[in-house]
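One structure is given here, and the rest of the page talks about it.
The values are calculated or read from the model by the stated rules, or taken from the named source; none is laboratory data. Here the structure is a predicted model, which is why all the values come from computation and not from measurement. Because the Cβ atoms are built from the backbone with ideal geometry, glycine has one as well, and the counts that use them run over all protein chains shown. Keep in mind that these areas ignore ligands, DNA and RNA; they rest on the heavy atoms of the full protein, side chains included. Shrake-Rupley method; radii C 1.70, N 1.55, O 1.52, S 1.80 Å.
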Amino acid sequence: MVIDRRKAILFSSAAALRFILFFAFPSLPDLLTGRVEISTPVTSFKRLQEGLFLYTHNAPLLLPLFALVPPSLFSPLTALLYILLDLLCANALIKITESGESGSSRLFTSPRKDMKWDSIAVAAAYLFNPFTIATCIGRPTSVFTNCAILYAITQAVSGKPITSMLTLGLASYLSLYPALLLPPLILLCYDRKARDTKTPPAATFSTATFVSVFSASIAWFLYLSKVLTGGSSEYLASTYGVHLLLPDLTPNVGLWWYFFIEMFDSFREFFLGVFWLHLGGYVGALCIRLRTQPLFVITTLLGIFAIFKPYPSISDTSLYFAMLPLYRHIFPLMRYTFFAMATILYATLLGPAFYYLWIYAGSGNANFFYAITLVWSLGLSEIVADSLFAVLRDEWEVERPEMKGKDIRQI
Amino acid sequence: MALISPTILALRRDPRLLKLPPYLSALCIFIGAVWLCLLPLNEYSRRTYISENALLPGQVHTYFGGSEQNVFNAYKYEVQALVGKDQEAISTKLSDIFESAGLRPARQKYEYHAAGNTYSGENVYAILHAPRGDATEAILLVAAWTNMDGILNQSGVALALALARYFKRWSLWSKDIIILITGDSRAGPQAWVDAYHDEHSSPFVAPLPLKSGALQGVVVVDNALDHRFESLHIVYDGINGQLPNLDLFNTAVSIASGQLGIGVSLQRMWKHNDSYQERLQTMLRGMFSQGLGYSSGPHSSFVPYHVDAITLQAVGDGWQDEMAMGRCVESIFRSLNNLLEHFHQSFFFYLLMQADRFVSIGTYLPSAMLVAVNFTIMAIALWIRSGRPPAPKVASTMPEKQNPEMEIVQENNMTAITPKENLTILERQLFLPVTLVVSLHFLGAIPLYVFINSSHNTLPLYFLLFTFLNFFQPTVLATLIHRHTPLTPQHHLLLQSFSLLVLGIFLATLATLNFSLSLFVGLLSTPLSFTGNPFSSSVDAKDAIPSKTRQHIWTLVLQLLSPPVVVWAVCYIWGADLGEMLAEAAFGWKVNGLWTQVVIWCVWWPAWTVGGILVNPLL
């Protein structure tokens, strides 16, 4: 196989940058591992290390993987592993871009589809995103989930629905919430399959197959975990229970922790339901409204996850920002990119400053940091809403060409 | 809402709106500066008050005096006898004195290397275990062997030793008392407090053999005088402009002036008649010291650890004797002993303009924030301009009568006619401006590295060289960029926009950590907002790039306000030696964790460089 020269340069420079950060600044990985913006209770690398002895909290299958590493080489080999994971993600992104799914899907072709970045640029935007780099150095386990999600999408756009479902099964097994991506991914798999064949396959049958493969994959991983933990099912409560019931209220960039700190216990169950409904409620609506562009449904859902997940971190944001450049063609239709990016930049700098004032200097308090996580979420939701607007407008201009370039008015 | 939105949408297209940002930006700077000058007025500042009721300052009778005077005099002779002896002899003697007072002494050696100098010494300390406590909390009495000016702190050390002996006799302490004699005023306290929190860098700084509980408060006594003093000078600035809780300062002021009748001064304002001018001067001196963020006394090293600390310095020639200073410390310690919780009630962010007058963060923060916001406003305005197509050649006075150019849009067999003007969205070329701004900010690491790691002797030379190179630096960079990719007018606007955005964000963040530094850097960078043609509203070549004369004027202004020139000017006005100041900064970075220079080289200097490139006539 001939390796593309540009790809080789990009991958080697991205890997070199990460190597330098890992080994020239030995205190940096530990510093970033401890940051609340990167490590949440369910993805923390430190807890993974503790889990190697205790075998709880992280999905059990990751533990044997790390347990294989000899302790003397633990640090350099995990660094290598995380660098490789980033490159794998970038590789998946290149394949997704090359499929052209974002510009023209089976049911919709954007009039702007020619205005796009090539696959190397998309991969570079991912690899040199500071959030991605910080995540890589901080080594949270969410990188595995991100990689699995990207590969599930890659398999779907390459017309391999079965492997796509298996990979999504892995992602869901690792951190539960990717299961919400099942409906749009089924649509995407179905669309890609229907595109390649003359007569579209039966929708019900395909869906049933996909769902059963997905369930079988999850069942298999759960069975494997059970075998590895010696027949115990306790890990279920300590891994998925943590996502569902939010017992650990360590601060993070999300919206849940502060809310649940303040809440009286009698309302807890109700609001857990409300928050999960908020996370899951968009899936159906987006799938129906954007039926023609399932890949964009997945992208938007990733953005929504980065805001409304129980334990979000900047690694979720980096995944969303990895997918956004695929929609380069709708950027000119977005109205608030600069404001949203400025908001996110402000939050990126003020967040650590306020956390410092709260935790170390003692001159601030929890409200300082929470206020900034609100700003952060505001910036992200601005981008999610704005990109959604742009895609809808793009669709609308196909239906109503005479409205091209005119302001939208609320009547 | 439905009614308002069309009006707002119509307003969005209004060209007058795009003319507004420069005025708004200038107004922000103006209000920010005027705001600062209003603060000393009675209407805007407040009288200080004690927030923590448990402190009860000055409510106890002080007994330090009488025969303690003889003990003090004896210790002072001992201290004076140690002048010229080596560190080992001094430490042994101090240990002996602690032991004779019934306290268990401990020692800690330390050695730091910075700017080619070695700072070494030994700390000697003893812990008085609280008769009524459980060793979970401690209060600290510090006397440095030499004070900030390097003069032997003879009365201060003798007073600390006498107080240690005196405190031992009382049974009312509910917190451990640690008496610490540091080897010097800068490195010693830092080594001790680092080691107390297990943050010391082995093997140069030794660990502490004895420890007690969490430090609740620190009082440093500095009395190098050999005669009676006039007033107490209270020093309170910590490293990086962090301040101790205002309650500690208030307690000291209220005890010294209220209970004991000793005058109190701050920020080296020896004469203070409570006039507007003197209040402003005190405040500005405080801000200057906060902005530089360097160590202003042995107490400075404690503040970053969230340990509130102040230095009491005896100044002037008056009729207060050392016993009065001792009674002041005794009374402060009785108040600290009353604390039920760590200092938290009063303010951590304040500006003092007199011993009993201050402004809190809510009142003064808007001024720095407004200065920072001006950059963001201009960044947004420049961003909008960069996406605007060039204005039509002939401006029409009655635009509604003019027939707009129409374009036919064909899509899926449907045809429509729309005005052409609306269709032209100027694509922004983002790659070059973003890369340039980001890499320039990283380039700041070079001067930072050079000035931190050079030796004391070469620092002034390097700085002179750097100032010289910095003079040509924007021109060289501009030429290089021009050779590589000639900048379009849009590049100009975007480059300025991103640079200002980043500067604004950095300064807004900095304002929450070190208000004064953010304000000073912000004020010195204000010209960067107005280079170019701030009042035009499109991306036209002749609008985006200023005329040659303006470019020359702006180049001159920016060269006068460049970071190295400002550093020279500060040294000149202050009468400070440049080499010493740079060595101090390098020491601060290596020992105290001072990051003022990071702000200068990685925030201010890159922003200035972008400004310099943009107004360069060669481009």
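Which order do B:HIS227, B:HIS552 take by accessible area at a 1.4 Å probe, largest first?
Final ranking, largest accessible area leading: B:HIS552, B:HIS227.
Hey, can you grab everything whose amide H is under 5 Å from the amide H of B:ALA309? Only 5+ residues off in sequence or another chain; H modelled, so Pro and N-termini drop out.
So B:ALA309 has HN proximity to B:VAL218, B:ASN245.
Short version: ³J(HN,Hα) in whole Hz for each residue of the range A:31-40, in order, from phi by Karplus 6.51 cos²θ - 1.76 cosθ + 1.60 (θ = phi - 60°), x for Gly and Pro, what are they?
Working through the residues one at a time gives 4, 5, 4, x, 6, 5, 6, 9, 9, 9 Hz.
Considering the alpha-carbon set of the protein assembly as shown alone, what are its Rg and its Dmax in angstrom?
32.9, 108
Between A:LEU84 and A:ALA202, what is the spin-label point distance in nm, taking each point 7 Å from the Cα along the Cα→C-beta axis?
4.3 nm
Going by the alpha-carbon gyration tensor, a ≥ b ≥ c the square roots of its eigenvalues, is chain A rounded (a/c under 1.5) or, if a/c is not under 1.5, prolate (a/b greater than b/c) versus oblate?
Cα axes put chain A in the rounded bin.
Take the alpha carbon gyration tensor of the range B:229-276, find the square roots of its eigenvalues, order them as a ≥ b ≥ c, and report rounded if a/c is under 1.5; if not, report prolate when a/b exceeds b/c, else oblate.
Oblate, since a/c reaches 1.5 and b/c is not below a/b.
Please give every one of the lysines within straight-line cross-link reach of B:LYS548, meaning a C-alpha to C-alpha distance under 29 Å, and leave out same-chain neighbours fewer than 8 residues apart.
Cα-Cα hits under 29 Å: B:LYS19, B:LYS393.
Provide the FRET efficiency to the nearest 0.05 for the B:TRP319-B:VAL34 pair, computing r from the beta carbons and using R0 = 35 Å.
0.20
List the residues, sorted by chain then number, that are 5 or more residues from B:GLY263 or on another chain and whose placed amide H is less than 5 Å from its amide H.
Close amide H contacts, sequence-distant or interchain: B:LEU232.
Of all the C-alpha pairs in the range A:191-340, what % are more than 20 Å from each other?
So the pairs more than 20 Å apart make up 67 percent of the total in the range A:191-340.
Using only Cα positions of the range A:226-302, each an equal point scatterer, no hydration layer, compute I(q)/I(0) via Debye at q = 0.12, 0.17 Å⁻¹ and quote the log10 values to two decimals.
Treating every Cα as an identical point scatterer, log10 I(q)/I(0) equals -0.54, -0.85.
Along the charge dipole of chain A, Cβ charges K/R +1 and D/E -1, which of A:THR154, A:ALA237, A:SER27 sits furthest on the positive end?
A:THR154
If you average the sequence gap of Cα pairs under 8 Å that are 6 or more apart and divide by the length of chain B, what percent do you get for the contact order?
Reported as a whole number, the value is 18 percent.
From the backbone phi of the range B:178-186, what are the Karplus-calculated ³J(HN,Hα) couplings (6.51 cos²θ - 1.76 cosθ + 1.60, θ = phi - 60°) in whole Hz, Gly and Pro given as x?
With coefficients 6.51, -1.76 and 1.60, one gets 9, 10, 10, 10, 8, x, 8, 9, 10 Hz.
Mind checking the alpha-carbon convex hull of the range A:110-212 and giving the volume per residue in Å³?
Cα convex hull per residue, to the nearest whole number: 123 Å³.
When we measure straight from the Cα of B:LYS93, which lysines land under 20 angstrom away, once same-chain ones fewer than 8 places off are left out?
Partners found: B:LYS76, B:LYS85, B:LYS109, B:LYS168.
I need the Kirkwood Rh of the range B:37-196: take the reciprocal of the average 1/r across all distinct C-alpha pairs and report it in angstrom. Mind dumping the intermediate values first?
Details: mean 1/r = 0.0565 Å⁻¹.
This gives a value of 17.7 Å.
Please compute the volume of the convex hull spanned by the alpha-carbon atoms of the range B:53-355 and report it per residue in Å³.
Normalising the Cα hull of the range B:53-355 by residue number yields 126 Å³.
Build a GNM of chain A with springs between Cα atoms under 10 Å: which of A:LEU319, A:LEU176, A:LEU357 gets the top mean-square fluctuation?
Among A:LEU319, A:LEU176, A:LEU357, the largest GNM mean-square fluctuation belongs to A:LEU357.
Please work out the average accessible area per residue across the protein assembly as shown, using the 1.4 Å probe convention, and give it in Å². Present the calculation step by step, with values, prior to reporting the outcome.
Values: 43630 Å² over 1030 residues.
Accessible area per residue: 42 Å².
How much accessible area is lost when chains B and A come together, counting both sides, with a 1.4 Å probe, in Å² rounded to the nearest 100?
2900 Å²
Measuring from the lowest to the highest alpha carbon on each principal axis, how far does chain B reach, largest first, in angstroms?
Reported extents, whole Å, longest axis first: 103, 55, 50.
When only Cα pairs under 8 Å and 6 or more residues apart are kept, what is the percent relative contact order across the range A:2-403?
After rounding, I find 20 percent.
Based on alpha-carbon centroids, what's the gap between the range A:243-282 and the range B:276-327 in Å, whole number please?
So the two Cα centres are separated by 47 Å.
Based on the Cβ-Cβ distance of B:THR458 and B:HIS552, what FRET efficiency does E = 1/(1 + (r/R0)^6) give at R0 = 30 Å, to the nearest 0.05?
According to the calculation, E is roughly 0.30.
Roughly speaking, what is the centre-to-centre gap between the range B:161-226 and the range A:353-385 when only Cα atoms are used, to the nearest Å?
Answer, in whole Å: 36.
Can you give the average number of partner chain beta-carbon atoms within 10 Å of each beta-carbon in peptide A:399-408, as a whole number?
Going residue by residue through A:399-408 and averaging, the value is 6.
Leaving ligands, DNA and RNA out of it, work out the accessible area of B:ARG388 with a 1.4 Å probe and give it in Å² to the nearest 10.
Surface accessible to solvent at B:ARG388 totals approximately 70 Å².
Sort B:SER201, B:SER499 by heavy-atom solvent-accessible area, probe 1.4 angstrom, most to least.
Of B:SER201, B:SER499, the descending order of accessible area is B:SER201, B:SER499.
Looking only at other chains, what is the average number of their beta-carbon atoms within 10 angstrom of each beta-carbon in A:357-365?
Partner Cβ neighbours, averaged per residue: 5.
Please list the helices of chain A that count as membrane-span-like by this rule: a mean Kyte-Doolittle hydropathy of at least 1.6 together with Cα atoms stretching 18 Å or more along the helix axis, each helix being a complete DSSP H run. Intermediate values should be presented prior to the final figure.
Values: long enough: A:5-24 (27 Å, 1.08); A:74-99 (37 Å, 1.32); A:142-157 (23 Å, 1.34); A:161-175 (21 Å, 1.09); A:182-196 (21 Å, -0.03); A:203-228 (37 Å, 1.33); A:268-289 (32 Å, 0.97); A:294-308 (20 Å, 2.39); A:337-359 (32 Å, 1.43); A:366-399 (49 Å, 0.73).
Helix filter hits for chain A: A:294-308.
Would you calculate, for chain A, the mean residue ellipticity at 222 nm contributed by helices, counting each DSSP H stretch of 4 or more residues as -39,500 (n - 2.57) and dividing by all residues, to the nearest 500?
-22500 deg cm²/dmol
Nearest 5 percent is fine: what portion of the DSSP beta bridges confined to the protein assembly as shown is antiparallel?
65 percent
List, by residue number, every residue in the range B:370-386 with a reduction of 40 Å² or greater in accessible area between the chain on its own and the complete protein assembly, 1.4 Å probe.
B:ILE380, B:TRP383
What helices does chain B have that are whole DSSP H segments, at least 27 Å long along their own axis by Cα, and with mean Kyte-Doolittle hydropathy of 1.0 or more?
TM-like helix candidates: B:15-38, B:361-386, B:459-484, B:489-513.
Roughly how large, in nm² to one decimal, is the mean projection of the convex hull of the alpha-carbon atoms in the range B:107-256?
Dividing the Cα hull surface by four gives the mean projection, 9.9 nm².
For the range A:2-403: lysine pairs with Cα atoms under 18 Å, gap of 8 or more or different chains, count?
8
Whole-Hz Karplus ³J(HN,Hα) for the range A:251-263, in order, using 6.51 cos²θ - 1.76 cosθ + 1.60 and θ = phi - 60°, x for Gly and Pro?
Result, ordered by residue: x, 8, 7, x, 9, 7, 4, 5, 4, 7, 5, 6, 7 Hz.
Could you report the accessible area of B:ASP194 in Å², rounded to 10, computed with a 1.4 Å probe on the protein chains as they sit in the structure?
So the heavy atoms of B:ASP194 present about 20 Å² to solvent.
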